[in-house]
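Heads up: the structure comes next, in structure tokens.
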Amino acid sequence: LRDDSSIHTSFRSDNDAGMAPPILAALSACNEGAARAYGGDAWTRRVEAQFEQIFERKVGVLLVTTGTAANSLALAAMTPPWGSVICHRLAHVLHDECGAPAFFGDGLKLVPSASQGSKLDPVQLQSELRHGAGDVHSVQPTGVSISQSTEEGQVYECTEVAAISQVCRDNNALLHMDGARFANAVVALQCSPADITWRAGLDVLSFGATKNGAMGAEALIVFNDKLQETLPFRRKRAGHLMSKMRFIAAQMHAYLENELWLANARHANAMAQDMARGLATVPGVRLAAPARSNILFVQFPASMIVALHAQGFDFYHERWGEGVARLVTSFRTTEAMVEAFVSACQQIARANA
Ligand SMILES: Cc1ncc(COP(=O)(O)O)c(C=O)c1O
């Protein structure tokens, strides 16, 4: 086991970062006195008002404690048990949620799209949404899920979300967005949260806060009223209607207050840009794609990965092929951490030259 000092050299996950200080303070502050349970408290009302302001309209808001719960409940609400949801081949919902969407969705099927690159392609999606439609022997394609920002750190432009939602509408399918890193996408795109969601045709969003400064707080933002009819019951049945909801709501309130969510994401994205610039100077190291949000995929000489780990730098690399590593920055990443990493890469490259 590594001790706490490893956080100073960790690019493993934005989940490895702790809480943003204003969120920690909010948890303590909301501890005073009694508050109505199960979301009947004032913090929950304030969060609902904040989201209505952020999204410039009335929205359904359901707080939960994990992204897996948010995604699974959303997909379950929009899909019949015999339905399928098309997602990216690397989607978190497909690979990293232990079958929770199928569990909560009474057997709904996740189908990886054959889209190339790190985003879903509307043309490809068009044929995939028609595949098996009306055939009683096949699962019925009734939904699509996209991640914003994506698992590879890329972002869907507003026009790309709109093109996907148009294909969904043309095929009677609904559209979900896994926004575990929604803040990073909003900052990268410099667009309004409304433009990239409901104005682009989105039905439901999993709005993440945990990776970007909360302890454990995520929100389902429901734009399609039909989904709101069953979601409160689904949340309770899933065990995510927290009795002491004020502690989840207080986190989310502090996260949204004074645009902390955007400031944190701006910082994380800027650190990824710094990292990308630094790594571009290291011989033998190549970025898979330009830095857009807070995740970079980098091709290293395999021996450099071993040497970096030996020096205590922590990051994932086993999943994507020989020499490919994922580097994730967060609101906690400092310029010094990035410099230390880049200069270690430079030294290793020199030693191996
Ligand atoms: C793309 C994406 N979606 C959702 C999640 C949420 O997962 P969790 O259930 O661990 O909060 C994650 C966390 O790693 C993620 O990377």
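The values are calculated or read from the model by the stated rules, or taken from the named source; none is laboratory data. Fair warning: this is a prediction, and the values are worked out from it, not measured in the lab. For neighbour counting, all protein chains shown are included, and Cβ atoms are generated from backbone atoms with ideal geometry for every residue, glycine included. With ligands, DNA and RNA removed, areas are computed over all heavy atoms of the protein, side chains included. Shrake-Rupley method; radii C 1.70, N 1.55, O 1.52, S 1.80 Å.
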Can you grab the distance from the C-alpha centre of the stretch 193-237 to the C-alpha centre of the stretch 283-353, Å, no decimals? 33 Å
Partners for LYS109 among lysines (Cα-Cα distance below 30 Å; same-chain residues under 8 apart left out): LYS119, LYS211, LYS226, LYS236
Return the whole-Å distance between the Cα centroid of the stretch 102-151 and the Cα centroid of the stretch 18-77. 29 Å
Loop sites in the stretch 38-128: GluC sites (Glu not before Pro), DSSP, at most 14 other Cβ within 10 Å: GLU56
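Among residues other than HIS240 whose Cβ falls under 10 Å from its Cβ, what is the net charge (Lys/Arg +1, Asp/Glu -1)? Present the calculation step by step, with values, prior to reporting the outcome.
Working: positive: ARG234, ARG235, LYS236, ARG237; negative: GLU218.
Counting the neighbours of HIS240, the net charge comes to +3.
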Please report, in Å, the Rg and the Dmax of the stretch 98-138, where both are computed over Cα atoms only. 12.5, 32
The correct pair for the stretch 151-265, radius of gyration to one decimal and Dmax as a whole number, both in Å and from Cα atoms, is 14.9, 42
Over the residues of the stretch 249-311, compute the C-alpha Rg and express it relative to 2.2 N^0.38 Å. 1.50
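What is the chain's relative contact order, in percent, from Cα pairs under 8 angstrom and six or more apart in sequence? Working shown, then result.
Numbers: 694 pairs, mean separation 81.2, N = 353.
Contact order relative to length: 23 percent.
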Taking placed amide H atoms and a strict 5 Å upper bound, the residues 5 or more places from MET245 or on another chain that come that close are TYR38, GLY39
In Hz, Karplus ³J(HN,Hα) per residue of the stretch 281-297 (6.51, -1.76, 1.60; θ = phi - 60°; x = Gly, Pro): 8, 9, x, x, 10, 9, 7, 5, 7, x, 6, 10, 10, 10, 10, 10, 10
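Below 8 Å between Cα atoms, with a sequence gap of 6+, how large is the relative contact order for the stretch 236-336 in percent? Write out the running numbers ahead of the final one.
Working: 109 pairs, mean separation 26.6, N = 101.
Computed over the stretch 236-336, the figure is 26 percent.
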Membrane-span-like helices in the chain: DSSP H runs reaching 24 Å or more (Cα, own axis), mean Kyte hydropathy at least -1.0? 260-279, 335-352
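If you average over every viewing direction, what projected area does the convex hull of the Cα atoms of the stretch 1-119 give, in nm²? Can you show the working numbers first?
Numbers: hull surface 46.6 nm².
That works out to 11.7 nm², a quarter of the Cα hull's surface.
Size of the dipole of the stretch 11-84 about the Cα centre, Lys and Arg at +1 and Asp and Glu at -1 on the beta carbon, nothing else charged, in debye to 20? Intermediate results must be reported in sequence, preceding the final value.
Details: 6 positive and 7 negative charges, 34 e Å.
Dipole magnitude for the stretch 11-84 comes out near 160 debye.
Which chymotrypsin sites (Phe, Trp or Tyr not before Pro) does the stretch 22-120 hold that lie in a coil by DSSP with at most 16 other beta carbons within 10 Å?
Details: sites: TYR38, TRP43, PHE51, PHE55, TRP82, PHE103, PHE104; in loops: TYR38, PHE55, TRP82.
Here the sparse-neighbourhood loop sites are TYR38, TRP82.
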Rank these residues by their accessible area, most exposed first, probe 1.4 Å: TYR156, TYR316. TYR316, TYR156
Among GLY312, SER13, GLY105, whose Cα lies farthest out toward the positive end of the dipole of the chain, if unit charges sit on the beta carbon of Lys, Arg (+1) and Asp, Glu (-1)? GLY105
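In debye to the nearest 20, how big a dipole does the stretch 174-243 give about its Cα centre with +1 on each Lys and Arg Cβ and -1 on each Asp and Glu Cβ?
Numbers: 8 positive and 6 negative charges, 51 e Å.
Its charge dipole is roughly 240 debye.
Pairs of alpha-carbon atoms within less than 8 angstrom and 6+ residues apart define the contacts here; what relative contact order does the stretch 174-322 have, in percent? Don't skip to the answer; put the middle values down first.
Details: 160 pairs, mean separation 29.0, N = 149.
Value for the stretch 174-322: 19 percent.
Treating only the Cβ of Lys, Arg, Asp and Glu as charged (+1, +1, -1, -1), what charge dipole size does the chain show about its Cα centre? Round to the nearest 20 debye.
Working: 30 positive and 34 negative charges, 66 e Å.
Once rounded to the nearest 20, the dipole reads 320 debye.
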Cα lying deepest toward the dipole's positive end in the stretch 1-125, options THR66, GLY33, GLY117, charges on Cβ: GLY117
Computed on alpha carbon atoms, what radius of gyration and Dmax characterise the stretch 199-343, expressed in Å? 19.3, 56
Most mobile listed residue (GLN148, GLN140, GLN116) in the chain, GNM with C-alpha springs under 10 Å: GLN116
Between ARG277 and ALA340, what FRET efficiency follows from the Cβ-Cβ distance if R0 is 22 Å, with the result rounded to 0.05? 0.90
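Probe radius 1.4 Å, ligands and nucleic acids ignored: give me the carbon and sulfur share of the accessible area of the stretch 123-202 as a rounded percent. Walk me through the intermediate numbers first.
Details: 1530 of 3040 Å².
Summing carbon and sulfur atoms, their accessible area is 50 percent of the total for the stretch 123-202.
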In nm², what is the average projected area of the convex hull enclosing the Cα atoms of the stretch 278-351? 4.8 nm²
Can you divide the C-alpha Rg of the chain by 2.2 N^0.38 Å and report the result to two decimal places? 1.01
Can you list which of the trypsin sites (Lys or Arg not before Pro) found in the stretch 68-125 are DSSP loop residues with at most 11 other C-beta atoms within 10 Å? none
Between LEU202, LEU279, THR329, whose Cα lies farthest towards the positive end of the dipole of the chain when Lys and Arg beta carbons carry +1 and Asp and Glu beta carbons carry -1, centred on the Cα centre? LEU202
